[in-house]
Ligand SMILES: Cc1cc2nc3c(=O)[nH]c(=O)nc-3n(C[C@H](O)[C@H](O)[C@H](O)COP(=O)(O)OP(=O)(O)OC[C@H]3O[C@@H](n4cnc5c(N)ncnc54)[C@H](O)[C@@H]3O)c2cc1C
């Protein structure tokens, strides 16, 4: 399937949005096509009819039922949006994948099962499998006849995943023997095929396709988790496990490529799941607030509750905007070239920065929304009669798996700097030019205030400059030692996340205004809140980072430059949030999305 005219016309390098004017041509939820709606509807009906009514049984760990649901999901084509048609996939664009996981996210437990199958098992086979491996495994995985898993983590190597102690040794018959124990493996209790990472001769990190039925492979007991009780998590034991010679995935010693490229996409998809979960919970919160009465009126009429609902709506909007923008960026690259595994992996790698942003922004937005959802539910939020407490427990792990948010925060500026130093992005030149400009500034060129969102456009341009100035100063101050300065990198990541989210929201709202979208006014109000609040956070982060990097005259110069940048006028975001809250409550759901 293609976007047709919905696809942004130009491809852009990952991370290049920091350095220039992105233009208005980004992909947004408002540009989805009837074909997109059809796949979203299929996913919605599947979730409504076959998953949500079965949640209790899934939570009782009825894995036969879980398998049957995976099978049904495969029959509907929902497991293969990213797989080629010749192996039973649908070869859809990333917006379609996004719409599918948006629905799947309504059950976090099933979303985990789904993610392990579609993103962590099917996808590495698509990206790195040989034709024979694809023929053997993909059709049955995509049809849901067999279940997949991905085993990277071990008790001693989680974030430091390449420090795996699982060993692979080649025997005279050509087959491999794998020995070790993998921890916390999603779908572990009922998976048939597992992508396992091990070190050949204790040194060369390598991916293997391991069947549960191979001699020496077994499963540990179910973990007792805080949430996701309807998702299986076990260890996978490999005791001299016999793996055929042909089951190396990718090349010996290149397992990191398989692991990292899989995670590049996995993070994007997890961000989309989190955004979908947040949207759905926002609807729950709005409906409850409309029904629940205290002091003789619905709690939705109280300013404190309206503030929460308005803020939840704005954060969901920002997250959704950056997710769709990223989907469009990936698809713009994939549309132009071949869709073989190598090209697809390259496209995912190109937007690895945006994928990490999606993961962090999505998981933290979800946790914020679910926490406020409990608060709006009051005591009912804390007991099991309502779904709010389950959602809250289920979501917490999103900040831990697929790379913890701390690790992703280090990666975001780290990848940008590496690209800059390699010459892939003109980051260094841009940072230098900006320093000159900030030391002897031209008169501040403010956009005319009669154009709608003009102040916000100026504000986003200033946020980019602030983030670039701090990153440039950090590069100059620390050079290669910047990787050791985790607090500075984390401040940079926070700024970059806010910049990408704010610009995505702004461009989307501008597009809604330009096309006279039915809810254009609400889009505008939301973008104003998002940009305004991002500016406050970015200013704080920039000042804190500068104070940690510089002192004396240098610090004074930096702070003066920042003061010149942050000139967004004060805004009545209270009134704007009330408008958003009232619209969400009136419709009983988030209304700005698809
Ligand atoms: C429910 C569930 C399902 C999972 N499913 C899978 C699966 O299917 N397959 C799989 O392979 N794994 C899976 N995992 C494992 C998961 O990916 C790891 O838990 C995660 O990568 C973190 O590793 P860790 O738990 O060892 O934490 P650690 O790496 O020990 O981290 C602990 C803390 O230290 C921080 N930290 C670590 N290193 C650094 C550093 N260099 N700098 C700064 N801070 C650092 C972390 O951010 C974190 O806050 C799952 C885990 C859970 C809970």
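Would you be able to tell me the number of residues in the range 467-486 that are part of a helix (DSSP H, G or I) and more than 18 Å from residue 562 (Cβ to Cβ)?
Qualifying residue count, the range 467-486: 8.
Within the range 269-285, is even one residue in contact with a strand residue (DSSP E or B) (Cβ under 9 Å, 6 or more places away or on another chain), more than 16 Å from the ligand (Cβ to nearest atom), farther than 20 Å from residue 205 by Cβ and at pLDDT 95 or above?
Checking the range 269-285: not a single residue is in contact with a strand residue (DSSP E or B) (Cβ under 9 Å, 6 or more places away or on another chain), more than 16 Å from the ligand (Cβ to nearest atom), farther than 20 Å from residue 205 by Cβ and at pLDDT 95 or above.
What number of residues in the range 102-116 are within 16 Å of the ligand (Cβ to nearest atom), more than 17 Å from residue 267 (Cβ to Cβ) and assigned to a helix (DSSP H, G or I)?
3
Does residue 95 satisfy the condition of being at pLDDT below 95, within 14 Å of the ligand (Cβ to nearest atom) and under 23 Å from residue 261 (Cα atoms)?
no
Taking into account only those residues within the range 124-156 that are in a helix (DSSP H, G or I) and without any contact (Cβ under 8 Å) to a residue 24 or more places away in the chain, which is farthest from the ligand (Cβ to nearest atom)?
Here the residue is 131.
Looking for whichever is farther than 19 Å from residue 138 by Cα and either assigned to a strand (DSSP E or B) or in contact (Cβ under 8 Å) with a residue 40 or more places away in the chain (or both) here; the options are 220, 188. Which one fits?
Just a single option satisfies the conditions, and that option is 220.
For residue 354, are the conditions met, namely being modelled with pLDDT of 95 or more, crowded, with 21+ Cβ neighbours inside 10 Å and within 22 Å of residue 115 (Cα to Cα)?
Yes; evaluated as a whole, the condition is true for this residue.
Considering each residue of the range 168-198, count those that are within 29 Å of the chain's Cα centre (by Cα) and either buried (at least 20 other Cβ atoms within 10 Å of the Cβ) or away from the ligand (no atom under 15 Å from the Cβ) (or both), and give that number.
Going through the range 168-198 one residue at a time, the tally reaches 14.
Select from the range 286-319 the residues that are assigned to a loop (DSSP other than H, G, I, E, B) and touching a strand residue (DSSP E or B) at 6+ places or on another chain (Cβ under 7 Å) and list them in ascending order.
If the condition is that a residue be assigned to a loop (DSSP other than H, G, I, E, B) and touching a strand residue (DSSP E or B) at 6+ places or on another chain (Cβ under 7 Å), then 292 is the only one that fits.
Inspect the range 234-243 for any residue being over 25 Å from the mean Cα position of the chain (by Cα) and at positive phi and give the result as yes or no.
Yes, because at least one residue in the range 234-243 is over 25 Å from the mean Cα position of the chain (by Cα) and at positive phi.
What's the total number of residues in the range 158-167 that are more than 7 Å from the ligand (Cβ to nearest atom) and part of a loop (DSSP other than H, G, I, E, B)?
Here the count works out to 3.
When residue 375 is evaluated against the numbered criteria (1) more than 15 Å from the ligand (Cβ to nearest atom); (2) crowded, with 20+ Cβ neighbours inside 10 Å; (3) modelled with pLDDT of 95 or more, which criterion, by number, is the only one it fails?
All conditions are met except number (2).
With respect to residue 508, determine if the residue is over 30 Å from residue 555 (Cβ atoms) and in contact with a helix residue (DSSP H, G or I) (Cβ under 9 Å, 6 or more places away or on another chain).
yes
Out of everything in the range 524-570 that is farther than 21 Å from residue 461 by Cβ and not in a helix (DSSP H, G or I), what residue ends up being farthest from the chain's Cα centre (by Cα)?
551
The values are calculated or read from the model by the stated rules, or taken from the named source; none is laboratory data. Predicted model only: the values in this text are computed from it and were never measured. Neighbour counts are summed over all protein chains in view; Cβ atoms, including those assigned to glycine, are modelled from backbone coordinates with ideal geometry.
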